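Visitor: One structure is given below, represented as structure tokens, and several questions about it will come after.
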Amino acid sequence: MNISDYRGVMVFAEQRRGIVQKIAYELLGVGRRIADDLEEPLLALLVGHGLPDSAAAELIAQGADTVVVVDDPALDVYMTEPYAKAMTAAIERYKPGIVFTGATTIGRDLAPRVSARVRTGLTADCTGLEIEDGTRNLLMTRPAFGGNIMATIVCPEHRPQMSTVRPGVMRRLERDDSRKGSVEKLAVKIEAKDKNVEILEVVVEKAAKKSIEEANVLISGGRGLGNLDNFNKLQGIADELGGLVSASRAVVDAGWVGQDRQVGQTGKTVRPDVYFACGISGMIQHVAGMEDSDFIVAINKNSSAPIFEYADVGIVADINKVVPALVEELKAAKAAR
């Protein structure tokens, strides 16, 4: 493999039913920074069928220099093999030195298959991406050993350097309609042999709850709450503030709530306007998932708890006494308006 043949950064712009997903714009944000550091182009790969021109235009406004569009009826609904063939063809044609894919359900299925086909490595669930001085290698950082350490991985002898990136970790750029870019169509012939499954019907389930990654207000509970009944009382604060309840890993491990509500290195990374840390000590594994929140309120009876180092407002008190009092105050404030 001649590494010098590979140049640029490619982002897989995941779309569903013609709508580009939020993770694609987050990847363009980090991709733009990496591409600028390397002084190389940033490409967005858009795969699907009947995709609107506005989708490519938005990707350019969000940072892409070139949008590569692979459009085929066989790509209308995501299937592993056709999408893997399309992405492999794009990598072979454009030879990017770096490829980013979201660590979503689709990305986690697609990226390892593509990396095997182009004979390179893949670092999964990255939370940090930097260029190493001198070597120009990509430093890919991810949690390891249950989130107890952070491992930095390099792929010095193969290209492209591939990684999946956890949603919510990277910041998207401000859209710039004055940004200029190009759109190129790549023809990939999808044959019957490229399909090993047949989709008979697509049933879209309406989500009952918004994801914690999308919430403006999060009330997060930890082991300090003591039991499930106390944890459930956090919903009262969420109801008054129009937020969602999330949790630390200890609460998830205890079975009080599902893993989709976990904040931290082994859970989700969130950036709400307001984050309540209720009975959470503030270990680094949890803080890594919420430290970029705009405003942090910490409530813990241990005055030396690490969480207070990150809080804008700290309350040293028994969380199980503060929660009902806070709910009553919020109700009174709402009634007085």
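Visitor: If the reach is capped at under 14 angstrom between alpha carbons, list the aspartates and glutamates near LYS331, excluding any in the same chain fewer than eight residues apart.
Guide: Result set, ordered by chain and number: ASP239, GLU240.
Visitor: Further, regarding this structure: Please give the charge dipole size of the chain, origin at the Cα centre, charges +1 on K and R Cβ atoms and -1 on D and E Cβ atoms. Round to the nearest 20 debye.
Guide: So the magnitude is around 460 debye.
Visitor: Can you count the Lys pairs in the stretch 3-194 whose Cα atoms are under 17 Å apart, with each pair 8 or more apart or on different chains?
Guide: 5
Visitor: Take peptides 272-283, 91-102, 309-320 and line them up by average Cβ neighbours within 10 Å, highest first, as a rough protection proxy.
Guide: Highest-to-lowest ranking by the protection proxy: 272-283, 91-102, 309-320.
Visitor: Distance between the C-alpha centers of the stretch 71-87 and the stretch 282-334? Whole Å please.
Guide: Cα centroid of the stretch 71-87 versus Cα centroid of the stretch 282-334: 46 Å apart.
Visitor: Treating only the Cβ of Lys, Arg, Asp and Glu as charged (+1, +1, -1, -1), what charge dipole size does the stretch 3-194 show about its Cα centre? Round to the nearest 20 debye.
Guide: With only Lys, Arg, Asp and Glu charged at Cβ, the dipole is about 340 debye.
Visitor: What net charge is computed for the residues neighbouring GLY226, neighbours being all others with C-beta under 14 Å from the C-beta of GLY226, Lys and Arg scored +1, Asp and Glu -1?
Guide: Once positives and negatives cancel, what remains is +2.
Visitor: How far is helix 22-38 tilted, in degrees, relative to the longest principal axis of the Cα atoms in the chain, given as a value from 0 to 90 rounded to the nearest 10?
Guide: The helix 22-38 is inclined about 70 degrees to the chain.
Visitor: With angles folded into 0 to 90 degrees, how steeply does helix 80-94 sit against the dominant principal axis of the chain? Use alpha carbons for both and round to 10.
Guide: 60 degrees
Visitor: Sort HIS286, HIS158 by Cβ crowding within 10 Å, fewest neighbours at the top.
Guide: Ranked by crowding around the Cβ, least crowded first: HIS158, HIS286.
Visitor: Contact order normalised by length for the stretch 222-276, with contacts defined as Cα pairs under 8 Å and 6 or more residues apart; what percent is it?
Guide: Reported as a whole number, the value is 26 percent.
Visitor: May I ask you to derive the relative contact order of the chain, considering only C-alpha pairs under 8 Å and at least 6 residues apart, and to give it as an integer percent?
Guide: Relative contact order, the chain: 14 percent.
Visitor: Among ALA333, PHE276, VAL287, pick out the residue whose Cα is farthest towards the positive end of the charge dipole of the stretch 269-337, where Lys and Arg carry +1 and Asp and Glu carry -1 on C-beta, about the Cα centre.
Guide: Of the options given, the answer is ALA333.
Visitor: Report, in degrees rounded to the nearest 10, the 0 to 90 angle that the Cα long axis of helix 105-117 makes with the longest principal axis of the chain.
Guide: Its long axis makes an angle of about 40 degrees.
Visitor: Give the peptides 213-224, 166-177, 20-31 in descending order of average Cβ contacts within 10 Å, highest first.
Guide: In decreasing order of mean packing, 213-224, 166-177, 20-31 become 20-31, 213-224, 166-177.
Visitor: A further question on this structure: Can you bin every Cα-Cα distance in the stretch 229-337 into 5 Å intervals starting at zero and give me the percent of pairs per bin, rounded to whole numbers?
Guide: 2, 13, 21, 26, 23, 10, 3, 1, 0
Visitor: How high is the relative contact order of the stretch 212-336? Use alpha-carbon pairs under 8 Å, at least six apart in sequence, and give a whole percent.
Guide: It comes to 24 percent, rounded to a whole number.
Visitor: On to the next question. Quick check of the Kirkwood formula: for the chain, what is the inverse mean of 1/r over all pairs of different Cα atoms, in Å?
Guide: 21.7 Å
Visitor: Separate question: Below 9 angstrom from the Cβ of ARG166, what's the summed charge of the other residues (Lys, Arg +1; Asp, Glu -1)?
Guide: Counting the neighbours of ARG166, the net charge comes to +1.
Just so you know, all these numbers are worked out from the coordinates, no wet-lab data involved. Bear in mind that the values here come from a model prediction, so they are computed numbers and not experimental data. Reconstructed Cβ throughout: ideal geometry from the backbone, glycine too, with neighbour counts over all protein chains shown.
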